[in-house]
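Peer 1: Could you have a look at this structure, given as structure tokens, before my questions?
The values are calculated or read from the model by the stated rules, or taken from the named source; none is laboratory data. Here the structure is a predicted model, which means the values were calculated and not measured. All Cβ positions, even for glycine, are placed from backbone atoms using ideal geometry, and neighbour counts span all protein chains on display. Just the protein is used for accessible areas: all its heavy atoms, side chains included, with ligands, DNA and RNA removed. Shrake-Rupley method; radii C 1.70, N 1.55, O 1.52, S 1.80 Å.
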Amino acid sequence: QVQLVESGGGLVQAGGSLRLSCVASGNTFSRNVMAWYRQAPGKQREFVAVVTAGGTTNYADSLKGRFTISRDNAKNTMWLQMNNLKPEDTAIYYCKATGPMFGSIWGQGTQVTVSS
């Protein structure tokens, strides 16, 4: 019953920025751990960032300083602010929600393409 809808992906030049959004349906958003993952062509899906129900954040080591995860429980929304984008950031970015009531739910993914 939890649905995640992502937006904000697109084409951007290297050095530019994008802000991804993930809007969640359901009644337990404030209790969920929310995270972003990404999957580049030919590679496994990898962890990007996470924000807990209490607001604690963590990032993949390689992305610290460039990406920022945030959430607004009143809007049932999570964001990923991506700055100083590099071509190697090109991937499908997925929103993930985890909660004790339903386990893990994934969004459909949004394509981010970084060109030079």
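Peer 1: Please specify each residue of the stretch 78-116 satisfying the condition of being acidic (Asp, Glu) and open to solvent by 30 Å² or more (accessible area, probe 1.4 Å).
Peer 2: 88
Peer 1: Ok, one more. Determine the pairs where a residue that is in contact (Cβ under 8 Å) with a residue 40 or more places away in the chain, located within the stretch 65-77, has a partner that is exposed (fewer than 15 other Cβ atoms within 10 Å of the Cβ) with Cβ atoms under 6 Å apart, the partner being 6 or more residues away or on another chain.
Peer 2: 73/30
Peer 1: Continuing with the same structure: For the stretch 47-59, which positions are in contact with a Phe, Trp or Tyr (Cβ under 7 Å, 6 or more places away or on another chain) and either assigned to a loop (DSSP other than H, G, I, E, B) or farther than 12 Å from residue 95 by Cα (or both)?
Peer 2: Residue satisfying the conditions is 59 alone.
Peer 1: Further question: For the stretch 28-41, does any single residue satisfy the condition of being more than 27 Å from residue 102 (Cα to Cα) and part of a strand (DSSP E or B)?
Peer 2: No, there is no match, as no residue in the stretch 28-41 is more than 27 Å from residue 102 (Cα to Cα) and part of a strand (DSSP E or B).
Peer 1: Output the residues belonging to the stretch 62-88 that are of a type in the set (D, E, K, R) and either under 19 Å from residue 24 (Cα atoms) or touching a Lys or Arg at 6+ places or on another chain (Cβ under 8 Å) (or both).
Peer 2: 71, 72, 75
Peer 1: So, of the residues in the stretch 64-74 that are closer than 28 Å to residue 1 by Cβ, of a type outside the set (S, T, N, Q) and modelled with pLDDT of 95 or more, which turns out to be surrounded by the fewest Cβ atoms within 10 Å (Cβ to Cβ)?
Peer 2: 72
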